[in-house]
Amino acid sequence: MYIKIIGAAAGGGFPQWNCNYKTSQNAFNHCPNFSPRTQSSMIASSDMKRWVLFNASPDLRQQIINTPELHPAKNGGLRSTPIAAVVLTNADIDHIAGLLTMRERQPFVIYATSRVMQVLQENPVFNVLDRSIVKFKTLSLSGETDIVGVDGNAIGIKLESFAVPGKIALFLEDLSKQDLGSQAGDTIGLKITGLGDHSSVIYIPGCADVTDQLRQKVNSEDVLLFDGTLFTDDEMIKADLGPKTGKRMGHMSMSDIDGSINAWQNCKIKRKIFVHINNSNPVLNDLSKERALVENAGWEVSYDGMGIKL
Ligand code: MLT
Ligand code: MN
C-alpha cells in the first residue's frame with residue numbers, strides 16, 4: 001500500500017486565511033522553515049491506480065491539482081477520477097466540506113459511520129451528491145470493511161473502523177450537555193491495510209484520549225498517523241487565538257503530561273507521524289525547539305505531499 005498525506009494541517013489550514021499569529025504570518029511571508037499545509041486529508045492505494053480519499057477537506061480541489069495521482073486518467077474518458085471511494089473519520093467541516101467539490105456527477109462511494117452519515121443526510125446541501133450516482137455505505141464501529149468502488153469490486157484496501165474518544169462536530173455541539181451531545185461514532189480511527197500487506201497504517205486525526213483498547217490496535221510493524229493538533233493544551237488561549245483548550249476541542253496535546261507523546265511512548269511501533277496540525281502549533285516551525293522535542297521523542301511531523309510506503 002502507498003499512502004500520501006495531501007493535507008497535513010488541521011481545520012483552517014496553514015496559514016489560516018484570517019490569522020496574524022506569528023506562525024501563520026511566517027507562512028504568509030514564505031519564510032522557508034514554515035511550509036504551508038492544506039487541510040486534513042490523505043490518500044491510499046494498493047495498485048497506484050484506484051485511490052481511497054481519507055477525509056474530504058475544503059482544500060480538496062487544490063489538493064487534487066497538487067497530486068498527480070489524483071488527476072483524471074489520460075485514457076479515462078471525458079469525465080474520470082482515480083478516486084474510487086471517500087472515507088470520513090468525523091463530520092467536522094475540515095473533513096466533509098470537500099464532498100461539495102466532488103459534485104460534478106462523478107460516481108464514487110462514501111464510507112462513514114451512521115452518526116456521520118446522518119449529518120450528511122440531514123443537511124440538504126449534500127443532496128448535490130446525487131444518490132443514484134454516488135453510493136453511501138455505513139461503516140460499523142467494529143469489524144472489517146473491504147473498500148469497493150461503485151462497480152462493487154474490491155479495490156485492495158481493507159479497513160477496521162473503531163470509535164475513539166472525541167466529540168461531535170463543532171457545528172452540532174449541544175452546549176447544554178456536558179458531553180456536548182457526543183456519541184460513539186462521532187469520531188473514529190481506522191486501521192488501513194493494503195492487499196498482501198503484513199502491516200497497517202493506523203489513522204486517527206482526532207483523538208481526546210489514548211486508551212489501552214486503542215494501543216492494542218497497533219502492531220510493531222505498523223505506522224501510526226495521529227492527532228497533532230496542538231503542542232500544548234492551552235496554546236490557543238496563551239496565544240490569544242481563542243478561549244478553548246485542546247481538550248475542549250476533542251484533541252490531545254503533543255507534549256503535556258497527559259499528551260500523545262507520553263501516551264504512545266511505550267508502544268512498539270515502526271513510525272509515529274503527527275497529522276492534523278493546527279496553525280498555532282510551534283512544531284510547524286522546522287527550526288523550533290518544540291519541533292526538535294517531538295523529533296527527539298521519535299515522532300515525525302507530516303507535510304503536504306509526504307509519501308509513506310508499506
Ligand atoms: C477540529 O478538528 O477540532 C475541527 O476541525 C474544528 C473545526 O471544524 O473547525
Ligand atoms: Mn479537524
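Readers should treat all values here as calculations from the given coordinates under stated rules, not as data from a laboratory. All of these numbers come straight from a predicted model, not from anything done at the bench. Cβ: placed from backbone, ideal geometry, glycine included. Neighbour counts: every protein chain shown.
Taking the chain as a Gaussian network, where each spring joins two C-alpha atoms under 10 Å apart, which residue of Gly189, Gly12, Gly77 fluctuates the most?
Gly77
Let's see if you can work this out: charge +1 on each Lys and Arg Cβ, -1 on each Asp and Glu Cβ, no other charges. What is the dipole magnitude of the chain about its Cα centre, in debye to the nearest 20?
On the way: 31 positive and 33 negative charges, 141 e Å.
Using only the charged Cβ atoms, the result is roughly 680 debye.
Roughly how many whole Å is it from the C-alpha centroid of segment 208-270 to that of segment 105-156?
When both Cα centres are located, 29 Å separates them.
Suppose R0 equals 45 Å. What FRET efficiency, 1/(1 + (r/R0)^6) with r the Cβ-Cβ distance, do Leu175 and His198 give to the nearest 0.05?
The computed FRET efficiency comes out at 0.45.
For Lys177, which aspartates and glutamates qualify as cross-link partners when the Cα separation must be under 17 Å and same-chain residues fewer than eight apart are set aside?
Asp186
What order, most packed first, do the peptides 68-74, 40-46 have when packing is the mean number of other Cβ atoms within 10 Å of each residue?
My ranking of the peptides, most packed first, is 40-46, 68-74.
Which aspartates and glutamates have a Cα lying under 14 Å from the Cα of Lys49, excluding residues fewer than 8 positions away in the same chain?
Leaving aside aspartates and glutamates fewer than 8 places away in the same chain, those within reach of Lys49 are Glu69.
Sequence neighbours fewer than 8 away in the same chain don't count; with that in mind, list the aspartates and glutamates whose C-alpha is under 16 Å from Lys268.
Asp212, Glu221, Asp222, Glu300
Any idea what log10 I(q)/I(0) is at q = 0.07, 0.10 Å⁻¹ for the chain, Debye with uniform C-alpha scatterers and no solvent?
-0.25, -0.52
Below 8 Å, C-alpha to C-alpha, sequence gap of six or more: please give me the relative contact order for segment 1-153 in percent. Each step should come with its number before you reach the end.
Details: 270 pairs, mean separation 28.4, N = 153.
So the answer I get is 19 percent.
Can you give me the relative contact order of segment 1-47 as a percent, contacts being Cα pairs under 8 Å and 6 or more apart?
60
Please state, to two decimals, what the Cα-based radius of gyration of segment 173-310 comes to when divided by 2.2 N^0.38 Å (N = residues).
Values: Rg = 15.4 Å, N = 138, 2.2 N^0.38 = 14.3 Å.
The reported ratio for this selection is 1.08.
Please build a GNM for the chain, connecting alpha carbons under 10 Å apart, and tell me which residue among Asn278, Asn20, Asn266 fluctuates the most.
Asn266
Measuring from the lowest to the highest alpha carbon on each principal axis, how far does segment 1-139 reach, largest first, in angstroms?
47, 37, 27
Using every alpha carbon pair in segment 99-245, what percent of pairs falls into each 5 Å bin from 0 up to the bin containing the largest distance?
2, 8, 14, 17, 18, 17, 12, 8, 3, 1, 0
Determine the gain in length on full extension of the stretch Lys238-Asn66; use 0.36 nm per residue of separation and subtract their C-alpha separation, reporting nm with one decimal.
Values: separation 172, 0.36 × 172 = 61.92 nm, distance 3.44 nm.
Contour length minus the Cα-Cα distance gives 58.5 nm.
If you stretched the chain out fully between Asn219 and Gln118, how much longer would it get, using 0.36 nm times the residue separation minus the C-alpha to C-alpha distance?
That works out to 33.1 nm of additional length.
Given R₀ = 25 Å, what would the calculated FRET efficiency be for Arg271 paired with Asp47, taking r from the Cβ atoms and rounding to 0.05? Show your work: numbers first, answer last.
Details: r = 23 Å, r/R0 = 0.91.
That gives a FRET efficiency of 0.65.
Between Glu144 and Asp286, what is 0.36 nm times their sequence separation minus the Cα-Cα distance? Round to one decimal in nm. Write down the numbers at each step before the final one.
Details: separation 142, 0.36 × 142 = 51.12 nm, distance 3.77 nm.
Gain on stretching Glu144 to Asp286: 47.3 nm.
Tell me the relative contact order for the chain as a rounded percent, counting alpha carbon contacts under 8 Å between residues six or more apart.
For the chain, the relative contact order is 20 percent.
Consider all pairwise Cα distances in segment 183-263 and report the whole-number % of them above 14 Å. Mind dumping the intermediate values first?
Details: 2114 of 3240 pairs.
When every Cα pair of segment 183-263 is considered, 65 percent fall beyond 14 Å.
Over 32 Å between Cα atoms: which of Lys22/Lys217; Lys191/Lys238; Lys158/Lys272; Lys244/Lys289; Lys4/Lys289; Lys4/Lys247 fall into that group?
Lys22/Lys217; Lys191/Lys238
Once segment 229-301 is represented by equal point scatterers at the alpha-carbon sites, with solvent omitted, what log10 I(q)/I(0) does the Debye formula produce at q = 0.15, 0.24, 0.28 Å⁻¹?
The computed values of log10 I(q)/I(0) come out as -0.46, -1.13, -1.42.
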